[in-house]
1. Quick check, is residue 111 within 14 Å of residue 5 (Cα to Cα) and surrounded by 14 or more Cβ atoms within 10 Å (Cβ to Cβ)?
2. Looking at residue 171, is it closer than 27 Å to residue 66 by Cβ, under 14 Å from the mean Cα position of the chain (by Cα) and buried (at least 21 other Cβ atoms within 10 Å of the Cβ)?
3. Restricting to the stretch 26-44, give me the number of residues that are open to solvent by less than 70 Å² (accessible area, probe 1.4 Å), without any contact (Cβ under 8 Å) to a residue 24 or more places away in the chain and not in a loop (DSSP other than H, G, I, E, B).
4. Looking at the stretch 153-168, can you tell me whether even one residue there is on the phi < 0 side of the Ramachandran plot, buried (at least 16 other Cβ atoms within 10 Å of the Cβ) and touching a Gly at 6+ places or on another chain (Cβ under 9 Å)?
5. Where the second residue is surrounded by 18 or more Cβ atoms within 10 Å (Cβ to Cβ) and not aliphatic (A, V, I, L, M) and the first is under 15 Å from residue 129 (Cβ atoms) and lies in the stretch 171-187, which pairs have Cβ atoms under 8 Å and are six or more apart or on separate chains?
6. I'd like the residue in the stretch 114-134 that is within 17 Å of the chain's Cα centre (by Cα) and touching a residue at least 24 places away in the same chain (Cβ under 8 Å) and, out of all such residues, is most open to solvent (accessible area, probe 1.4 Å).
7. Is it the case that residue 79 is out of contact with any Ser or Thr (no Cβ under 9 Å at 6 or more places or on another chain) and either under 18 Å from residue 142 (Cα atoms) or modelled with pLDDT of 75 or more (or both)?
8. Checking residue 64 against (1) part of a loop (DSSP other than H, G, I, E, B); (2) at pLDDT 70 or above; (3) surrounded by 12 or more Cβ atoms within 10 Å (Cβ to Cβ), only one condition comes out false. Which one?
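The values are calculated or read from the model by the stated rules, or taken from the named source; none is laboratory data. None of these values were measured; they are calculated from a predicted model. Here the Cβ positions follow ideal geometry from the backbone for every residue, glycine too, while neighbour counts run over all protein chains shown. Each accessible area value is taken on the protein alone, full model and side chains, heavy atoms only, with ligands, DNA and RNA left out. Shrake-Rupley method; radii C 1.70, N 1.55, O 1.52, S 1.80 Å.
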Amino acid sequence: MKASLRLLLVVVLTVLAADQVTKYLAVSRLTEALDGREGMARVSGFLSEQNLDNDPPKEGEFRRNTRPYRFIEDYWHFRYVENPGAAWGMFSNLPDTARKAFFHVVSLAALTFILVLYRRTDASQKSVRLALALITGGALGNFVDRLIRGYVIDFIDWHWRNQPGMRWPTFNVADAAIVVGVALMLLDSVWARRPEPVTTSSPLTPQSPQP
């Protein structure tokens, strides 16, 4: 197996596993959905239970209570949120069928584009390959959510003392991997554009005339 393919698989599978495990923990610890279940029944519930933050409840449904956890008071909470749209909830108001189809097409197109870029990199572009692998793993993690549930599970809530306009949109491990990957690509781009240092060679010492 080529080193480039090995790096891609290791990073993508690590990000995907970390993303899904932490989302399982979010459902398990921050909601009531898995209470009273044991073993594989908890895993089955994680994959099947949906609309846990249904507030206000739709007709014929009820709200599944959530249990936010204050990790660092006033700055960092864990809070279960279902995001049917993109970042900042964009496109969440689209009709359900159109929204799901739109995000499936966009996700597959993005994954294809990223993998094509990855194949075009060479062995010297290690940071770019790592960045693209992180982005691929993050995109795949959220895509799995959309395939199973039609929305993405978010649970990391950063804010500044609950001040209006000082709250970062709730996110997850997949989102974090994408952001880190994009940041690495930007840093690599800036570094690649830095001018090469000009080295000045010392003048040749004149030779003494031969007698």
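1. When the stated conditions are applied, residue 111 does not pass them.
2. No.
3. 5
4. No: zero hits.
5. That search, which allows pairs on different chains as well, returns 177/19; 177/137; 177/138; 177/141; 181/138.
6. Filtering the stretch 114-134 for residues within 17 Å of the chain's Cα centre (by Cα) gives 114-115, 128-134.
Cutting the leftovers down to touching a residue at least 24 places away in the same chain (Cβ under 8 Å) gives us 114, 128-134.
On the way: 114: 20, 128: 14, 129: 36, 130: 67, 131: 0, 132: 5, 133: 0, 134: 29 Å².
In this case the residue turns out to be 130.
7. no
8. Failing condition for residue 64: (2).
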